[in-house]
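Any read-out appearing in this document is the output of simple, stated calculations on the displayed coordinates, not a laboratory observation. Just so it is clear, the structure is predicted and the values come from calculations on it, not from any experiment. Don't worry about glycine lacking a Cβ; one is built from the backbone with ideal geometry, like all the others, and counts go over all protein chains shown.
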Amino acid sequence: MRNNWLLSSGSFLLSIILHVILGIVLAFSFKFTSEPTPPPIPDIPIIQATVIDKKEVDKELKRIKEKKQKKIDDELKRKKDLEKKKQKKRDDIKKKKAAAKKKIEDEKIRLKKLEQEKKEKKELEKKKKLEEEEKKKRDAENKKKDEQQKILDEEKRKAKEEADRLVREKAINDAIQQEIDDEIEAVKKAEQLKRDFSIIARFQQRIRRQLESKFNKIGLDPGLSCVILIRMIEGGKVVETSIAKSSGNALFDQRAENAVYLASPLPVPEEIRVFEKMRSIRFTFEP
Amino acid sequence: MKVLFKIIICSLLLVSLQAQAVLDIKITQGIEQALPVAIVPFAWMQAGKVAPLDLTEIISNDLERSGHFDVMDQQDLPQQPSEFDNINFGDWRKLGMENILIGKLNLTDSGDYKVTFKLVDVYRGIEIASLGKIVKPNHLRRVAHQISDLIFNKLTGIPGAFDTRVAYITVKKNKNKTIHTLNIADADGHNIKRLLESPEPLLSPSWSPDGRKIAYVSFENKNSAIYIQNVITGHRKRVSAFEGINSSPSWSPDGTKLAMTLSKDGNTEIYILDLNNNSLKRITRHGGIDTEPNWSPDGSKLAFTSDRSGGPQIYEINVAGGKPKRISFEGKYNARPVYSPDGKVITLIHAQSGSYRIATLDLGNGYINVLTDSRLDESPSFAPNGGMIIYATTGVRGGQLAAVSADGRIHQRLGIQEGGVREPVWGPFLK
């Protein structure tokens, strides 16, 4: 047992040492280098240092050897696996590292980009600002110009508008005036008509009275009537008479007609226009 | 071509006249004024001799007296033409003169007179009437009246009654004697002829329809009798002298009969005497007084006065007999009926508040129209033209002749200016 243990402890020890070394190496290698490191070369000379019973020893050796081999193989395998794992891990790390690096790079790029962007932005802004200012200035100028133009235009527009307005107003005024004139004319006409009628009515009465003062019915039979048409010239002189409807009594007709002659010139309005309306008269004598 | 043009113009004028609005005026009033007329002095063609009479003056007086005419004063005449062609119508029209009479008077070789005249319508510039007449010197006055009649007829439409005569009675007191005279005269009062003078009353003259005879009542034999006297020859004949009253003779329109009032049968009744055979026919039979018969123009009826109703009223009775019919109802006193020439109206004496006035009774509606407003008028009779009624009115010189138009509007003076005139009666148109 002890041997074993010894043996085992020796090999164990050896393995621990080896392990430690490996670990350190690993650790160091892991720690300090991110470079992929080649697998560590097994340290055979250390094992040769311990030999026991040849046969047995051989046997043992062989067993051990086998065991060792197996162990080595296992170890190798394990190592390999480990390595694999490590590799994987490394790869992962590497990957991670790469990813991180990439991330950093990316970040860097991003930052740089950001910076760039920022810078660009800044530049842009600056430019923009400049442009804006310029634009502003330009705009202002333009605006000013525009405004002037605008004012000018406005003035023009206003002038035009005013002119238009005047024209329109004039048209409207004209129309209104026309309407007023028309209305006035119509009212005037109506007034005139009214006035004419009243004038005619007045003269109608005068003519009637004048005729009645001349119509001498002395000795005439009652109940007779006749109609006499007359025409006057300006001034009321009767120039045409005709008996439109005889009374059947020649003397009656004659007296009626004489009344017209005697009354001539009849009182007529001086205004020719009014006179024209009463130039012709139909007298009905029915005393 | 010219004529066609004129026709077109005329028709255009006509159309324009028709197309134009015509003002209507009704003349419902008129005046009743004497008609203006100018009688231009007749041109006397015989230089060196004096015209026998003034025709112009006779005509002017006739027309003026009628009340129908206003004759222009001679000094106002704008011209004195005697030929139509010389009339300046404008001058006359300016004066409002409607009608003028122009004429000429010539002495013919035989000593007769040739009268020519024209009545001219000034406003129409035409002759209304014209006449040329050769007359004996003693007929000149009558010709003047005939011209007046023509003017009157042409301008009033009524036949003139200037060429007529009037019969009337005058009563004059000469010292202690009273003289009753039957007179006839021209309607203008000239040519007075005394037909009969009597110390006893003469009453109720009545003209025969032909104007040649007058029937009247005379008391020359102390009793009343009816006589007929020829106005030309003066020959007179007594036709009724019955006992009692013989009064109020009235000729039938055909001149063959005389209606009268007789009391021979005891009561005062109306009779008709046939002048051809002297037969007498009693018309009325009544206890009251029936008197003053007057023959209707158509000869079928007699109007008379009767007091059978209490007071005097007018009745009509058929000449063939029958019942009399009372026709006057207004007032308490209506008497002395005389028919108008057209038989539509009766003129009578109508008593009104104590006065006796001339009135007419319209036979159509029975209305009485009082024409005069004097105190005592009597004996109305129509002029033969029916336009005037002659009557006697009591004035300052006693009875005087007066005339009034049948409608009462014109009161006419008569040329007879004698005093004491009674019972005038207008004679018929002279044939």
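Things worth noting here:
- The trypsin sites (Lys or Arg not before Pro) found in segment B:181-228 that occupy coil by DSSP, while having at most 11 further C-beta atoms within 10 Å, are B:Lys222.
- Gained length - A:Asp153 relative to A:Glu133, 0.36 nm times residue gap less alpha-carbon distance: 4.5 nm
- Between B:Thr256 and B:Asn276, the distance separating the two model label sites (each 7 Å from Cα on the Cα→Cβ line) works out to 0.3 nm.
- Applying 1/(1 + (r/R0)^6) with r as the Cβ-Cβ distance of B:Ser300 and B:Ala129 and R0 = 25 angstrom yields a FRET efficiency of 0.10.
- Three-way shape label, segment B:165-426, alpha-carbon gyration tensor, a/c 1.5: rounded
- Rg over Rh [alpha-carbon atoms, Kirkwood Rh] for segment A:213-285: 1.02
- Computed over chain B, relative contact order equals 10 percent, with contacts defined as Cα pairs under 8 Å that lie 6+ residues apart.
- The antiparallel fraction among DSSP beta bridges confined to segment B:35-156 stands at about 70%.
- Annotation: amide H-H contacts under 5 Å for B:Glu200 (H modelled 1.01 Å from N, sequence separation of 5 or more, or interchain): B:His180.
- Each 10 Å bin, from zero up to the one with the longest distance, holds this percent of the alpha carbon pairs of segment B:205-255: 28, 53, 18, 0.
- Distance violations [Cα-Cα > 30 Å] among B:Lys213/B:Lys344; B:Lys177/B:Lys257; B:Lys175/B:Lys222; A:Lys121/A:Lys150; B:Lys237/B:Lys264; B:Lys118/B:Lys213: B:Lys177/B:Lys257; A:Lys121/A:Lys150; B:Lys118/B:Lys213
- Each residue of segment B:132-147 was assigned a 3J(HN,Hα) from its phi angle through the Karplus curve 6.51 cos²θ - 1.76 cosθ + 1.60 (θ = phi - 60°); the sequence is x, 9, 9, 10, 6, x, 7, 9, 4, 4, 5, 4, 4, 5, 5, 5 Hz, with glycine and proline shown as x.
- Those residues of segment A:221-251 whose amide nitrogen sits under 15 Å from the label point placed on B:Tyr367, 7 Å along Cα→Cβ: A:222-223
- Unit Cα scatterers, Debye sum, the protein assembly as shown: log10 I(q)/I(0) for q = 0.08, 0.10, 0.11 Å⁻¹: -0.85, -1.08, -1.20
- Judged by the ratio a/c of the largest to the smallest principal axis of the C-alpha gyration tensor, segment B:64-106 counts as oblate, that ratio being 1.5 or greater while a/b is no larger than b/c.
- Oblate is the label for segment B:252-302. Its Cα gyration tensor axes, ordered a ≥ b ≥ c, give a/c of at least 1.5 and b/c at or above a/b.
- Positive-end residue of B:Ser60, B:Asn153, B:Pro205, charge dipole of the protein assembly as shown with Cβ unit charges: B:Asn153
- Loop-resident trypsin sites (Lys or Arg not before Pro) (DSSP state other than H, G, I, E or B) in segment B:86-185 with no more than 13 further Cβ atoms inside 10 Å of their Cβ: B:Lys175.
- Efficiency of FRET between B:Gln29 and A:Ala250 - r from beta-carbon atoms, R0 22 angstrom, step 0.05: 0.50
- Nitroxide proxy distance, nm - points 7 Å out along Cα→Cβ at A:Gln87 and B:Arg326: 18.5 nm
- Dipole magnitude of segment B:165-426 about its Cα centre (Cβ charges: Lys, Arg +1; Asp, Glu -1), debye to nearest 20: 540 debye
- Amide H to amide H distances under 5 Å link B:Ile289 with B:Asp307, B:Arg308, where only residues 5 or more positions off or on other chains count and H is placed in the peptide plane.
- Order of B:Arg285, B:Arg236 under a 10 Å beta carbon neighbour criterion, fewest first: B:Arg285, B:Arg236
- Loop trypsin sites (Lys or Arg not before Pro), segment B:20-83 (other Cβ atoms within 10 Å of the site Cβ: 14 or fewer; DSSP): B:Lys49
- Order of B:Ser252, B:Ser66, B:Ser300 - criterion: other Cβ atoms within 10 Å of each residue's Cβ, fewest first: B:Ser300, B:Ser252, B:Ser66
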